[in-house]
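The structure appears below as structure tokens.
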Amino acid sequence: MQSKTHMLVVLTDGEQLEGVIEWYDRDCLKLNRVGAPNLLLYKHCIKYMYKVEPE
């Protein structure tokens, strides 16, 4: 969690969110975003996620 890896998170409804995962637990994760509100995402709403290069 110290590496500040930029991630693209795709939700089950197809929405794509980009940011850095600040922390996670059994049920959710916190996504920090630049220029947008930070989000608390429930894991059951995430379809998949992968690393991306920061813009």
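Screening region 24-35 for residues that are in contact with a Gly (Cβ under 8 Å, 6 or more places away or on another chain) and of a type in the set (A, V, I, L, M, F, W, C) and picking the one that is modelled with the lowest pLDDT gives Val34.
Contact map, region 36-47: residues that are under 15 Å from Glu22 (Cβ atoms) paired with residues that are assigned to a helix (DSSP H, G or I), Cβ distance under 7 Å, separation 6+ or inter-chain. No pairs are found.
The values are calculated or read from the model by the stated rules, or taken from the named source; none is laboratory data. As the structure is a prediction and not an experimental result, all values here were calculated from the model. Note: ideal-geometry Cβ built from the backbone for every residue, glycine included; neighbour counts use all protein chains shown.
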